[in-house]
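The values are calculated or read from the model by the stated rules, or taken from the named source; none is laboratory data. All of these numbers come straight from a predicted model, not from anything done at the bench. With ideal geometry, Cβ positions are generated from the backbone for all residues, glycine too; neighbour counts draw on all protein chains shown. Just so you know, the surface numbers come from the protein's heavy atoms only, side chains and all, with ligands and any DNA or RNA stripped out. Shrake-Rupley method; radii C 1.70, N 1.55, O 1.52, S 1.80 Å.
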Amino acid sequence: MTEPAFDPPLPEADPEVWRLVQGEDARQRESLRLIASENYVSRAVLQACAASLTNKYAEGYPGRRYYEGMDFIDPLESLAIDRAKALFGAEHANVQPYSGSPANLAVLLALLQPGDVTMGLALPAGGHLTHGWKVSATGIYYRSVQYGVRRDDHRIDLDEVRALALQHRPKLIWAGHSAYPRQLDFAAFASIAAEVGAHLVADIAHIAGLVVGGAHPSPVPHCAAVTTTTHKTLRGPRGGLILSKAEHAAAIDKAVFPGLQGGPHNHTTAAKAVAFGEAATPAFRAYAQQIVANAKALAEQLLARGYTLVSGGTDNHLLLVDLTATGISGRVAGTALSRCGIELNGNAIPFDPRKPFDPSGIRVGVPALTSRGLGTAQMNDVATLLHDAIAEAARTAGNPSDEFCTTMRARVREFLAPWPAPGL
Ligand SMILES: *Cc1c(COP(=O)(O)O)cnc(C)c1O
């Protein structure tokens, strides 16, 4: 009988996978990562993700499990729950959602009947698929009404939200976004929701880190439930989290399990607990404030170089740049920038005349760079790198030479050298 070779470390056991992991590590170290939804987790979070907890089944909740052997899993999940509640000031927390999208579906399952009316920010205006966009389960199993932003200042039009709410009488209103550079007025949303008897649910996937760091107002006091990912500005593992008022606790727990999911990913729960612990520190508070300061500084630098920003600037962690005047699309720019070691994504701008797959804008986020320690003093250089690459992409109709891209990648590497990537 041959013994299974379970012992060798990854580099020996599977060199093919190891080589790809190493490649990704190097890429994350050496490129200017400006994707607004991405970050670098700490070494402690990475270690928790790799823990033996991945071997354990734990369907149910602490103290009420369908499996034995919960000596360590129960206290661990309770710790994550307690830390989440304290961090956000919430009455209830469910730390089991596999990610942001299942967290949103769980809230719908908990609070609505299939076919009920929901309202959310439209995807092309900066909303998320799971806020009722037509291809999402949230737009297929529920009747979705979408609101937008104003043409003149690109802000959410709360008069329109109220008028649509009075007309369609939604049972649930989403307040949240994936590509919106301004703050949300949760109190105003709450008064509209109260007027029509709807649950207000905030989805703070992008801004959770800003909220806990005091750099964005908190929706928690105003909402029936709040959902978030844990891996964006919150700087934890890939995962989801639902916070709610105590009155919805039982319905939300039942919706997550057994409504939607099976066993929780305990290694991710551990990493969430670590991230919540980190996010409760003064250093994280400073980090959250620095993100907003960096985004504002980068906005100033891009405006000074003649770029057009959606809404004219930013109050949070991201900017949307309208590239129409450059003559290249967001997608073409994104592809060219990627060859230059600068990562961001093409993104629709409000009222975009182009198709979503090849939109007019790019989305630029600073959470990852801020995690490396870059401050406002470095945003001038970031803007120069961005501008040099975009200008060359525009001059060459999206095809900068290999030589140009190699030079740019070297410039990016050199620029980032004094700012080590956390955890890697
Ligand atoms: C990223 C995001 C999600 C979904 O998160 P996944 O973890 O990718 O499923 C949900 N809502 C908003 C607003 C987001 O930005």
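Observations on the model:
- Förster-model FRET efficiency, 51 Å R0, ALA194 and SER338, C-beta, rounded to 0.05: 0.65
- Calculated log₁₀ intensity ratio I(q)/I(0) where the Debye formula runs over C-alpha points of the range 178-336, q = 0.09, 0.10, 0.13, 0.18 Å⁻¹: -0.39, -0.48, -0.77, -1.17
- The GLU414 and ASP358 beta-carbon pair, evaluated with R₀ = 35 Å, returns a calculated FRET efficiency of approximately 0.60.
- GLN113/SER52 FRET efficiency (R0 60 Å; Cβ-Cβ; nearest 0.05): 0.90
- The chain, relative contact order in percent, only Cα pairs under 8 angstrom and at least six apart counted: 22
- In the frame of its principal axes, the chain has Cα extents of 70, 62, 42 Å, reported largest first.
- Here the range 296-312 is scanned for amide nitrogen atoms under 15 Å from the site 7 Å beyond the Cα of THR376 along Cα-to-Cβ, giving 296-302.
- Furthest towards positive pole of dipole, GLY120, PHE404, PRO420, structure part the chain, Cβ charges: GLY120
- Solvent-accessible surface of the chain, taken per residue with a 1.4 Å probe and all protein chains present: 43 Å².
- The Cβ shell under 12 Å around ARG29 holds other residues with a net charge of +1, Lys and Arg each +1, Asp and Glu each -1.
- Size of charge dipole - the range 47-279 - debye, nearest 20, with Cβ of Lys, Arg +1 and Asp, Glu -1, no other charges: 360
- Of all lysines in the structure, those lying under 27 Å Cα to Cα from LYS134, and not within fewer than 8 positions of it along the same chain, are LYS171, LYS232, LYS254, LYS355.
- For the range 47-279, the relative contact order is 30 percent, taking Cα pairs closer than 8 Å that sit 6 or more residues apart in sequence and dividing their mean separation by the residue count.
- Label separation (ALA251 vs GLU16): 4.9 nm, computed from points 7 Å beyond Cα along the C-beta direction.
- For the range 218-320, with all protein chains in place and a probe radius of 1.4 Å, 56% of the accessible heavy-atom surface sits on carbon or sulfur.
- Space enclosed by the convex hull of the alpha-carbon atoms of the range 47-279, per residue, Å³: 111
- Per-residue ellipticity at 222 nm computed for the chain from its helices equals -12500 deg cm²/dmol, with DSSP H segments shorter than 4 residues left out and the rest contributing -39,500 (n - 2.57).
- Here the ratio of the Cα radius of gyration of the range 282-416 to 2.2 N^0.38 Å is 1.02.
- Think of each Lys and Arg Cβ as +1 and each Asp and Glu Cβ as -1; about the Cα centre, that makes the dipole of the chain roughly 660 debye.
- Alpha-carbon Rg with Dmax, taken over the range 154-224, Å: 12.0, 37
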